[in-house]
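Engineer: This is the structure, below, for whatever I ask next.
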Amino acid sequence: MLGEVLMSLFILVVSLFLYYEATQLRQLRTYESVGPDFWPKLILLGMIIFSAYLTVSNLIKWKKSRRESINKGEIINQKGEGWGRILIATFLIIGYVYLLKPLGFIISTPLFIIGMMLLIRPERKKVIPFAVLGIMVIIYIIFGKLLFVPLPKGFGIFHDISIILGL
Amino acid sequence: MFYYWTQGLLSVIEPHHLLIIVIGSSIGILAGGIPGVSGTMAIALAIPMTYAMGPTASLLLLVSLYASSVYAGSISGILFRTPGAPEGAPATLDGYEMAKKGLAAEALGVDIFSSVTGGIFGTIILALVAPQLAKVALEFGPSEYFALAVLGLGVVSSVGAKNESKAIISVLMGLFVATVGIDMISGFNRFTFGTTTLLSGVSFIPTIIGLFAVAEVLKRIREKRGMTGIRSKARAKLPSLKLINKLKGLILRSAAIGTFIGILPGVGATTGAFVGLSEAIRWSKHPEKYGTGIPEGVAAPEAANNAACSGAMVPLLTLGIPGSAATALMLGAFLIHGLRPGPMLFIQQPVLVYSIFVAMLLANLSIIILAKLFIRYFSKVIELPYNVLGPGIIIFCVAGVFAVRNNFGDIWIMIIFAILGFFMEKYNYPVAPLILGVVLGPIAEQNLRQAMIISGNNPMVLVSTPISAILIGLSVLSLFSPQLRALWVKIRAAKGGN
């Protein structure tokens, strides 16, 4: 329930910030009465109203359920299941995309696959080399050979490695 | 019309187009059948693969993938009680019970037959209705198009019936995302924050791939669900003539219901399947038998969901208004290939339109052969563990998004939407309205502003013609449909009590 409150609060804060940004568009208003700021402001106003409503109603529900739990003597367990895994997965994806430019597709992708496979099922290490090879070959055939997509080659020595490996 | 049918047929029977239909149907069956890889996700992933193809080939691939994925959602539902897609859930109830009785092959056979019949029925209705509707739509001006877009947006209440406020926030998010970039009327930059990546707006492909594919992988990683393989041997046995004779009325009625539901914007194959099943139960002389493992319980929802899939193409092709996430993705595919669905498509690209009709017929027919083949090897495919499938999907997404414009900014957009999609799913904000907002936002805004400029800033122009007034009225009704439905139930209950 706290997550619900935080989610709607986040939407509210972002909407307020964007509404402020939209008001800056007013200076650019042209001859039209319905200028470039009208539609975004209308949308953001809706988002502010609905997210504020959800924040308040969720907050009331959360406080009520918390009070009931305390009255019943229940232990409130705030520890979320699987959040650590999701955080690591997100960082792995961000890291992969960040390294994609300097290291190139052919170097960074196996590193990412290994990281993700160890994260999802660390006990199944034996399949990792086959999975890396399989995924790389499929992607290379589809994007490199069939669709002629120039996948990132990386900089310096990594660029040379990508060229040697035929990317 | 006959001329275009012939041209469409000639275009589709070209060997490479036939091959594309077979590939599309095969991918669709695989994607629909594997839990966690929905047909919508498969369409999102297939769009980057269409860049190197021509518009006809691309759309044939996507429509055949779409049609077959709707069918395949029930395979794993019947075999393992794990529907591959939401639209396969209703058939699971009786299908799995049949499988438990040792009638899995019969259940899968009824599933194939009713899906194919439903799909063909829906496509025939699509081919008959769409050109007529397109003729009417030719009369539309900015105010009618604005009203149409509002009608499309009004369906959020049906899409997110569980929590209307969250569905509205979701659609508003989509509408906002569509405003980012250079304003098409004034030419001013909006919400670009000094980045060049956002000047042309938030790209559609990274948005949908992030929201549907990557977010789903993140969700599964968190839940650790579906990460172990399921082992089973399976085959399908098509129903006998006696059984077909027994089921024909039920299948045709469900197909008609499904087609009608599919045409309604925002109410897709899943609703079609559930309504198909509930109507079958209502009409049955033995409603108590449903859920115990009878072929009728498989035939009704499966005929309805495939018919709904064809029906959903009606508003997309004739009005350019997608009614579901899958058709919104298809609209994106049209736009990528320089085509604008709507009445003009029937005038400018009639052969393409009729090729789509023929392809949908063939894709549905191909299910008979491909499904039998795939079901045999299906157990092998779904044994693929998620620690291989998950990273594979993400890499496919990254490569696919990068392929759009060779722009790393697009990959970051995909990641942002993946994180947003993950949290939206986690806290029950429906994602489909966001996609509807992204697609319909520019149509609504541009036509609203054009209508206002033409009328000299008179807001009454928006309801000045009967069509626009009716459409706006329908939008309001659609938006408040859950409340109206609840009120209706209350009134009926009160009358019943008296």
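Engineer: Of all the C-alpha pairs in region A:83-164, what % are more than 16 Å from each other?
Structural biologist: Working: 1894 of 3321 pairs.
Here the tail beyond 16 Å accounts for 57 percent of pairs.
Engineer: Under the √(5λ) rule applied to the eigenvalues of the Cα gyration tensor, what semi-axes describe the equivalent ellipsoid of chain A? Give them in Å, descending.
Structural biologist: On the way: eigenvalues 384, 202, 26 Å².
Ellipsoid semi-axes (Å, largest first): 44, 32, 11.
Engineer: Treating only the Cα positions of region B:22-137 as identical point scatterers, give the base-10 log of I(q)/I(0) from the Debye formula at each q in 0.11, 0.20 Å⁻¹.
Structural biologist: The Debye formula, applied to the Cα set alone, gives -0.42, -1.02.
Engineer: Please go through the residue pairs B:Lys101/B:Lys426; B:Lys166/B:Lys490; A:Lys153/B:Lys426; B:Lys248/B:Lys490 and name each one whose alpha carbons sit more than 26 Å apart in this structure.
Structural biologist: Details: B:Lys101/B:Lys426 37 Å; B:Lys166/B:Lys490 24 Å; A:Lys153/B:Lys426 36 Å; B:Lys248/B:Lys490 36 Å.
As for pairs spanning more than 26 Å Cα to Cα, those are B:Lys101/B:Lys426; A:Lys153/B:Lys426; B:Lys248/B:Lys490.
Engineer: Here is a follow-up. Using the Karplus equation 6.51 cos²θ - 1.76 cosθ + 1.60 (θ = phi - 60°), what ³J(HN,Hα) coupling, rounded to whole Hz, does each residue of region B:50-65 give in order, writing x for Gly and Pro?
Structural biologist: 8, 4, 7, 9, x, x, 4, 4, 4, 6, 5, 4, 5, 5, 5, 5
Engineer: Amide H of A:Gly154: which non-local residues (sequence gap of 5 or more, or other chain) have their own amide H closer than 5 Å, using H built in the peptide plane?
Structural biologist: It is A:Gly104, A:Phe105, by chain and number.
Engineer: Could you work out the relative contact order of region B:371-498? I mean the mean sequence separation of Cα pairs under 8 Å and 6+ apart, divided by the number of residues, in percent. Working shown, then result.
Structural biologist: Details: 23 pairs, mean separation 8.4, N = 128.
Contact order relative to length: 7 percent.
Engineer: Under a Cβ-only charge scheme (Lys and Arg +1, Asp and Glu -1), can you give me the dipole magnitude of region A:83-164 about the Cα centre, in debye to the nearest 20?
Structural biologist: Values: 8 positive and 2 negative charges, 44 e Å.
The calculation lands at about 220 debye.
Engineer: When a footprinting reagent is the concern and you count Cβ atoms within 10 Å, what order do B:Phe191, A:Phe155, A:Phe143 take, fewest first?
Structural biologist: Numbers: B:Phe191 17, A:Phe155 12, A:Phe143 24.
Final ranking by Cβ density, sparse to dense: A:Phe155, B:Phe191, A:Phe143.
Engineer: To continue, here is another question. Assigning unit charges at the beta carbon (Lys, Arg +1; Asp, Glu -1) and nothing else, what dipole magnitude in debye, to the nearest 20, does region B:2-497 show about its Cα centre? Write down the numbers at each step before the final one.
Structural biologist: On the way: 34 positive and 20 negative charges, 286 e Å.
In total the dipole reaches around 1380 debye.
Engineer: Take peptide B:432-445, look around each residue's Cβ out to 10 angstrom, count Cβ atoms belonging to other protein chains, and average those counts.
Structural biologist: Details: counts 0, 0, 0, 0, 0, 1, 0, 0, 0, 3, 1, 0, 1, 7.
Mean inter-chain Cβ contacts per residue within 10 Å come to 1.
Engineer: Please give the helix B:15-33 orientation as an angle from the longest Cα principal axis of chain B, in degrees from 0 to 90, rounded to the nearest 10.
Structural biologist: 70 degrees
Engineer: Estimate the FRET efficiency between A:Ser65 and B:Ser165 by the formula 1/(1 + (r/R0)^6), using the beta-carbon distance for r and 25 Å for R0, to the nearest 0.05. Let's see the in-between values first.
Structural biologist: Details: r = 19 Å, r/R0 = 0.76.
With a Förster radius of 25 Å, E is 0.85.
Engineer: Ranking request for peptides A:124-137, B:432-445, B:125-138: highest mean number of other beta-carbon atoms within 10 Å first, then the rest in descending order. Before the final figure, lay out each step's value.
Structural biologist: On the way: A:124-137: 14.6, B:432-445: 25.6, B:125-138: 17.5.
Peptide ranking by packing, descending: B:432-445, B:125-138, A:124-137.
Engineer: Sorted by average packing, counted as other Cβ atoms within 10 angstrom per residue and highest first, what order do A:10-20, B:359-369 take? Before the final figure, lay out each step's value.
Structural biologist: Values: A:10-20: 16.8, B:359-369: 23.0.
Highest mean packing first, the order is B:359-369, A:10-20.
Engineer: Right, something else. For region A:2-72, with only Lys/Arg (+1) and Asp/Glu (-1) charged at the beta-carbon, what is the dipole magnitude about the Cα centre, in debye rounded to 20?
Structural biologist: Details: 9 positive and 5 negative charges, 104 e Å.
For this selection, approximately 500 debye.
Engineer: Select from A:Trp39, A:Trp62, A:Trp83 the residue whose mean-square fluctuation is largest in a Gaussian network model of chain A (Cα-Cα springs shorter than 10 Å).
Structural biologist: Looking only at A:Trp39, A:Trp62, A:Trp83, the largest GNM fluctuation is found for A:Trp39.
Engineer: Once phi is turned into θ = phi - 60°, what whole-Hz ³J(HN,Hα) does the Karplus curve with 6.51, -1.76 and 1.60 give for every residue of region A:49-57, x standing for Gly and Pro?
Structural biologist: Listing the rounded values in order: 4, 5, 6, 5, 4, 5, 4, 5, 5 Hz.
Engineer: What angle do you read, to the nearest 10 degrees and between 0 and 90, between the alpha-carbon axis of helix B:350-381 and the longest principal axis of chain B?
Structural biologist: So the inclination is approximately 40 degrees.
Engineer: Counting only helical runs of four or more DSSP H residues, what would the 222 nm mean residue ellipticity of chain B come to if each run contributes -39,500 (n - 2.57) and the total is spread over all its residues? Spell out each step's value before the answer.
Structural biologist: Values: 24 runs with 358 residues, N = 498.
Helix contribution divided over all residues of chain B: -23500 deg cm²/dmol.
Engineer: Taking only the alpha carbons of region B:241-371, what extent do you get along each of the three principal axes, in Å, biggest first?
Structural biologist: Extents along the principal axes: 52, 29, 21 Å.
Engineer: Among the aspartates and glutamates, which fall within straight-line cross-link reach of A:Lys101, defined as a Cα-Cα distance under 20 Å, with same-chain neighbours fewer than 8 residues apart omitted?
Structural biologist: Correct list for A:Lys101: A:Asp160, B:Asp410.
Engineer: Could I ask something else about it? Under 20 °C and 1.002 mPa s, how fast does chain B diffuse according to Stokes-Einstein, given a Kirkwood radius computed over C-alpha pairs? Answer in µm²/s, whole number.
Structural biologist: Working: Rh = 23.0 Å.
The estimated diffusion coefficient comes to 93 µm²/s.
Engineer: Okay, moving on. Report the paramagnetic label zone for B:Gln7: residues of region B:322-354 whose backbone N is under 11 Å from a point 7 Å from Cα along the Cα-to-Cβ axis.
Structural biologist: Only B:346-354 pass the distance filter.
Engineer: While we're looking at this one, here's another question. Return the ratio Rg/(2.2 N^0.38 Å) for region A:2-72, where Rg is computed over Cα atoms only. Don't skip to the end; give the middle numbers.
Structural biologist: Values: Rg = 17.3 Å, N = 71, 2.2 N^0.38 = 11.1 Å.
Here the Cα radius of gyration is 1.55 times the empirical estimate.
Engineer: With angles folded into 0 to 90 degrees, how steeply does helix B:466-479 sit against the dominant principal axis of chain B? Use alpha carbons for both and round to 10.
Structural biologist: Approximately 60 degrees, to the nearest ten.
Engineer: Okay, next question. Taking a spot 7 Å from the Cα of B:Asn406 along the direction of its beta carbon, which residues of region A:99-138 have an amide N less than 18 Å from it?
Structural biologist: A:100-106
Engineer: Among B:Gly73, B:Ala432, B:Tyr96, whose Cα projects farthest towards the positive end of the dipole of chain B, with charges put on the beta-carbon of Lys, Arg (+1) and Asp, Glu (-1)?
Structural biologist: B:Tyr96
Engineer: Now for a different question. Positive end of the charge dipole of region B:2-497 (Lys, Arg +1 and Asp, Glu -1 on Cβ, about the Cα centre): tell me which of B:Phe121, B:Asn447, B:Pro48 has its Cα farthest that way.
Structural biologist: With unit charges placed on the Cβ atoms, the residue in question is B:Phe121.
Engineer: State log₁₀ I(q)/I(0) for region B:411-488 at q = 0.25, 0.27 Å⁻¹ as given by the Debye formula over alpha-carbon point scatterers of equal weight, solvent excluded.
Structural biologist: -1.15, -1.23
Engineer: If you don't mind, there's one more thing I want to ask. Relative contact order, percent, of chain B when contacts are C-alpha pairs under 8 Å separated by at least 6 residues? Mind dumping the intermediate values first?
Structural biologist: Values: 995 pairs, mean separation 141.7, N = 498.
Relative CO of chain B lands at 28 percent.
Engineer: Please list, in order along region B:172-183, the HN-Hα scalar couplings obtained from phi with the Karplus expression 6.51 cos²θ - 1.76 cosθ + 1.60 (θ = phi - 60°), rounded to whole Hz, x for Gly and Pro.
Structural biologist: Whole-Hz 3J(HN,Hα) from phi for region B:172-183: 5, 4, x, 4, 5, 3, 5, 8, 5, x, 6, 5.
Engineer: Which whole number gives the average, over all residues in A:36-49, of C-beta atoms from other chains lying within 10 Å of the residue C-beta? It would help to have the intermediate numbers written out before the result.
Structural biologist: On the way: counts 12, 5, 4, 13, 10, 1, 4, 12, 4, 1, 6, 7, 1, 4.
Across the residues of A:36-49, the mean count of other-chain Cβ atoms within 10 Å is 6.
Engineer: To continue, here is another question. Hey, what does the equivalent ellipsoid look like for region B:343-425, semi-axes from the Cα gyration tensor as sqrt of 5 times each eigenvalue, largest first, whole Å?
Structural biologist: On the way: eigenvalues 196, 145, 28 Å².
Output for region B:343-425: semi-axes of 31, 27, 12 Å.
Engineer: A follow-up question, please. Enter the mean projected area of the convex hull around the alpha-carbon atoms of the protein assembly as shown, in nm², rounded to one decimal. Can you show the working numbers first?
Structural biologist: Details: hull surface 132.4 nm².
Seen from a random direction, the Cα hull of the protein assembly as shown projects 33.1 nm² on average.
Engineer: Once amide H atoms are placed 1.01 Å from N in the peptide plane, what residues at a sequence separation of 5 or more from B:Arg190, or on another chain, have their amide H within under 5 Å of its amide H?
Structural biologist: B:Gly181, B:Ile182, B:Asp183
No lab work stands behind these numbers, since they all come straight from the coordinates. Nothing here was measured: the structure is a model prediction, and the numbers come from that model. Reconstructed Cβ throughout: ideal geometry from the backbone, glycine too, with neighbour counts over all protein chains shown.
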